[in-house]
Amino acid sequence: MTWLPIIIYIALFILIGYFLLFRPQKKRKQQEEELRSSLMLGDEITTIGGICGKIVSIKDDNLTIESSIDRTLMEVKNWAVRDVKKLITDDDKKEK
């Protein structure tokens, strides 16, 4: 009988840990996967290193981006993408 409260506290602690740590991390990972799978030519991205540019080529998990006025081409991995500004097409404008 004396172990029951301790077991309840441990189970409660594990449950709270799951909802505060693991579940938000899983959600964030799923959002990142959706972001990476929705990358398209012309999207403006920012990498985790702070490099900004426009996507000009997509091959497997590599992206070629064009940055700066000089149109410098760089190849980055798609997992390095932190933020995306979507290219607005005519179809998107018609839907709104």
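Readers should treat all values here as calculations from the given coordinates under stated rules, not as data from a laboratory. Note that the structure is predicted; figures quoted are calculated from it, not measured. A quick note on method: Cβ atoms are made from the backbone with ideal geometry, for glycine too, and the neighbour counts reach across all protein chains shown.
Starting with the fewest neighbours, write out 82, 36, 28 ranked by other beta-carbon atoms found within 10 Å of each beta-carbon. Please list the in-between numbers first.
Values: 82 13, 36 16, 28 10.
Starting with the residue having the fewest Cβ neighbours, the order is 28, 82, 36.
Please quote Rg/Rh for the chain to two decimal places, taking the Kirkwood radius as Rh and restricting both calculations to Cα atoms. Mind dumping the intermediate values first?
Details: Rg = 21.4 Å, Rh = 16.4 Å.
Ratio value, two decimals: 1.30.
Let me have the relative contact order for the chain, percent, based on Cα pairs under 8 Å that are six or more residues apart. Mind showing how you got there, number by number?
On the way: 99 pairs, mean separation 20.3, N = 96.
The value is 21 percent.
Under the rule of -39500 (n - 2.57) per DSSP H run of 4 or more residues, summed and divided by the residues of the chain, what mean residue ellipticity at 222 nm is obtained, to the nearest 500 deg cm²/dmol?
-11000 deg cm²/dmol
Mean separation of Cα pairs under 8 Å and 6+ residues apart, divided by the residue count of region 40-96: what relative contact order is that in percent? Mind showing how you got there, number by number?
Numbers: 94 pairs, mean separation 18.9, N = 57.
Averaging sequence separation for qualifying contacts and normalising by length gives 33 percent for region 40-96.
Which FRET efficiency, nearest 0.05, do residue 57 and residue 25 yield, Cβ-Cβ r, R0 30 Å?
With R0 = 30 Å, the Cβ-Cβ based efficiency is 0.45.
Would you mind telling me which residue in 46, 72, 64 has the biggest mean-square fluctuation in a Gaussian network model of the chain, where springs connect alpha carbons within a distance under 10 angstrom?
72
Which order do 67, 57, 37 fall in if you start with the one that has the fewest other Cβ atoms within 10 Å?
In increasing order of surrounding Cβ atoms, one gets 37, 57, 67.
What does a probe at residue 46 reach in region 26-40, counting residues whose amide N is under 11 Å from the point 7 Å along Cα→Cβ?
Counting only backbone N, you get no residues.
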